[in-house]
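Here is the structure we will look at.
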Amino acid sequence: MVVNVPGLISVIIFYFVILVIGLWAARRTKGETNSENVMLAGRDIGAFVGVFTTTATWVGGGFINGTAEAVYSYGLVNCQAAVGYALSLVMGGVFFARRMREQGYVTILDPFTRTYGERMGGLLYIPALMGEVFWSGAILAALGSTLRVIVGLSHEVSIVVSASIAVFYTLFGGLYSVAYTDVVQLICIFIGLWLCIPFAMTNEFVENISVNSSTEWIKEVDPVFAGVYIDSFLLLIFGGVPWQAFFQRVLSARTAGIAQGLSFAGGLGCIIMSVPSVLIGAIAVNTDWNRTAYVTRDNLNVSEIAERSSDILPLVLQYLTPEWVSFFGLGAVSAAVMSSADSSILSASCMFARNIYKMAIRKKASEKEIIWVMRVAIVGAGVLATVMAITVKSIYTLWYLCSDLVYVVLFPQLLCVIYLRASNTYGSLVGYIIGMFFRIAGGEPSLGIDVLIKFPYYSVKNGQLFPFKTLCMLMSFTSIVFVSYLTDFLFKKNILHPRFDIFKCVTNKRPTDVELTKYKAKPEETFVNPSFVNSAEEIRARR
């Protein structure tokens, strides 16, 4: 494929702008020796930047490309991710944002580590890491497909270069760079895509999208897949809550009230930003592709478009808008990807540096050491996301899968650790194992995982038709509650001897955050585990 030089130049310009803004924001962390300030921008994110960066929790390359792909392939009614993720921000604001911010947590794993211990926190890092890697992969894959179609660059080169730049400025700027590039990202998406839509919609080869819209691109839910539909919608809403990328933003807010308000504003922002992608998907459905340059100039086969559904947004930009307009759309996608990839990469690295390295591997690590570990982890997370983006074909599949294990495993854990006072490590471990096992046993064709357990209504042709992911989540939640209360009862009634409390979470129960703030005695005389002494000192220092 011949490289489109003007298109390449426009991409370089947009990359340069994002890079400059990221490095400019990084100046605020120059000489910073406090790892928490790097991770949370000194908890100094105000309302204006906060609204943009919270909306950008989900609005990125995967969001705009995945929405267009879903509308084109399955219809608007079956495009659940945009609405589901928007509602997830609202739910996060209602139930978790204020509580998490008031407790002064730094990462989503903090309440798990403090309540269940470092080892359990390490286990819970696995689904959190996988979610961030899937999300970053979806974002990078979206840009790879766009640059391949419009500019002519290879898929692999586009992904590697984009990931490298995002990693570069995130290394130095932390959340400051992420937040300020998010502002530019949303502006570029809004202006770039809306500029393209009038040209695409009025193209001579595009029919009026309002004609037969209910059957052409809105469509309806197939009753056979009603269970899957409900399952997927619940997964997106509640599986979109326990994300470090989300909590990193709300925890960086100046006050708990602002943190909650940002969640609501972010949900509204997601809905608004999904509109242009929906329209692009509808335009693609109503296009006579046989008359476009896709066939007449490039001699490509129209029958292949269905197989290239993940490319549908860049195809519309390339073949249904003037060249100069498509470059603005390309800039929108490029900017969106760059400043979304950095967010997930930073989230994964922050959790590793604080909750794995500092609390489980090297408790006496200095702040400077933690910052450097975070930077190394940023590179590692970037590499994992790059590999995932290159190997998985469908953007929407990656976008959808990123909330899968988060929903089944992390959501019930977060619900219990925040709201269930008797929740303990035994319940958490059992719930983790049960949720993980039954979800994997349900199979996942897109990742090549065979079905081990056939839930009700299973069919060879359509796979699992029962809402089994929600069932797995409820089984995990029920296990946490039952085992936590059972072990609490057995130990406190002396039915089981205290020496059997191997996790020291019932008879030698870890102090709550409230107890830690009131702690006045000498640490070594009260708590056995020194990591919780550190937690007490950290909380006192923050407050």
Cβ-Cβ under 7 Å, sequence separation 6+ or interchain: first residue in segment 314-343 and closer than 24 Å to Ser136 by Cα, partner acidic (Asp, Glu) and at pLDDT below 85. Which pairs?
Ser339/Asp182
Being at pLDDT 85 or above, small (Gly, Ala, Ser), assigned to a helix (DSSP H, G or I) and buried (at least 23 other Cβ atoms within 10 Å of the Cβ) is the requirement here; does Gly173 meet it?
no
Which of (1) buried (at least 22 other Cβ atoms within 10 Å of the Cβ); (2) under 21 Å from the mean Cα position of the chain (by Cα) does Leu123 not meet, given it meets every other one?
(1)
Hey, Leu236 hits all of (1) at pLDDT 85 or above; (2) assigned to a helix (DSSP H, G or I); (3) over 17 Å from the mean Cα position of the chain (by Cα); (4) farther than 25 Å from Ala293 by Cα but one; which does it fall short on?
(3)
Of the conditions (1) closer than 29 Å to Lys504 by Cβ; (2) under 26 Å from the mean Cα position of the chain (by Cα); (3) modelled with pLDDT under 95, Ala422 clears all except one; give me its number.
(2)
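So which residues in segment 490-507 are assigned to a helix (DSSP H, G or I) and closer than 17 Å to Gly431 by Cβ?
Narrowing segment 490-507 to residues assigned to a helix (DSSP H, G or I): 490-492, 498-500.
Matches in segment 490-507: none.
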Can you name every residue in segment 357-370 that is touching a residue at least 60 places away in the same chain (Cβ under 8 Å) and surrounded by fewer than 20 Cβ atoms within 10 Å (Cβ to Cβ)?
Ala360, Lys363, Glu367, Lys368
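Might you let me know whether segment 130-149 holds any residue that is under 16 Å from Phe352 (Cα atoms) and surrounded by fewer than 24 Cβ atoms within 10 Å (Cβ to Cβ)? Talk me through it step by step, then tell me what you get.
First, the residues of segment 130-149 that are under 16 Å from Phe352 (Cα atoms): 130-133.
Subset that is surrounded by fewer than 24 Cβ atoms within 10 Å (Cβ to Cβ): 130.
Yes, because at least one residue in segment 130-149 is under 16 Å from Phe352 (Cα atoms) and surrounded by fewer than 24 Cβ atoms within 10 Å (Cβ to Cβ).
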Residue, surrounded by the most Cβ atoms within 10 Å (Cβ to Cβ), within segment 442-455, restricted to residues that are without any contact (Cβ under 8 Å) to a residue 40 or more places away in the chain and over 15 Å from Pro467 (Cβ atoms)
Val451
Identify all residues within segment 4-26 that are without any contact (Cβ under 8 Å) to a residue 60 or more places away in the chain and under 18 Å from Ala166 (Cα atoms); write none if there are none.
Ile12, Phe16, Val20
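For (1) over 15 Å from Ser145 (Cβ atoms); (2) not in a loop (DSSP other than H, G, I, E, B), each residue gets a yes or a no:
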| position | (1), (2) |
| --- | --- |
| Ser274 | yes, yes |
| Ile280 | no, yes |
| Ile283 | yes, yes |
| Asn299 | yes, no |
| Ser303 | yes, yes |
| Glu307 | no, yes |
| Asp311 | no, yes |
| Pro314 | no, yes |
| Leu317 | no, yes |
Determine whether Asn208 is touching a strand residue (DSSP E or B) at 6+ places or on another chain (Cβ under 8 Å), touching a residue at least 24 places away in the same chain (Cβ under 8 Å), surrounded by fewer than 21 Cβ atoms within 10 Å (Cβ to Cβ) and assigned to a loop (DSSP other than H, G, I, E, B).
no
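Residues that are touching a Gly at 6+ places or on another chain (Cβ under 7 Å) and surrounded by 22 or more Cβ atoms within 10 Å (Cβ to Cβ): which helices (runs of 4 or more DSSP H) entirely in segment 1-108 hold 2 or more of them? Before the answer, list the steps.
Working: elements: 5-26, 35-40, 47-55, 61-74, 81-92, 98-102.
Passing ranges, in order: 5-26, 35-40, 47-55, 61-74, 81-92.
What are the residues in segment 423-475 that are part of a helix (DSSP H, G or I) and of a type in the set (Val, Ile, Thr), if any?
Here is the first cut: in segment 423-475, the ones part of a helix (DSSP H, G or I) are 425-441, 445-447, 468-475.
Scanning segment 423-475 gives Thr425, Val430, Ile433, Ile434, Ile440, Thr470.
The values are calculated or read from the model by the stated rules, or taken from the named source; none is laboratory data. The structure displayed is predicted, hence computed values, not measured ones. With ideal geometry, Cβ positions are generated from the backbone for all residues, glycine too; neighbour counts draw on all protein chains shown.
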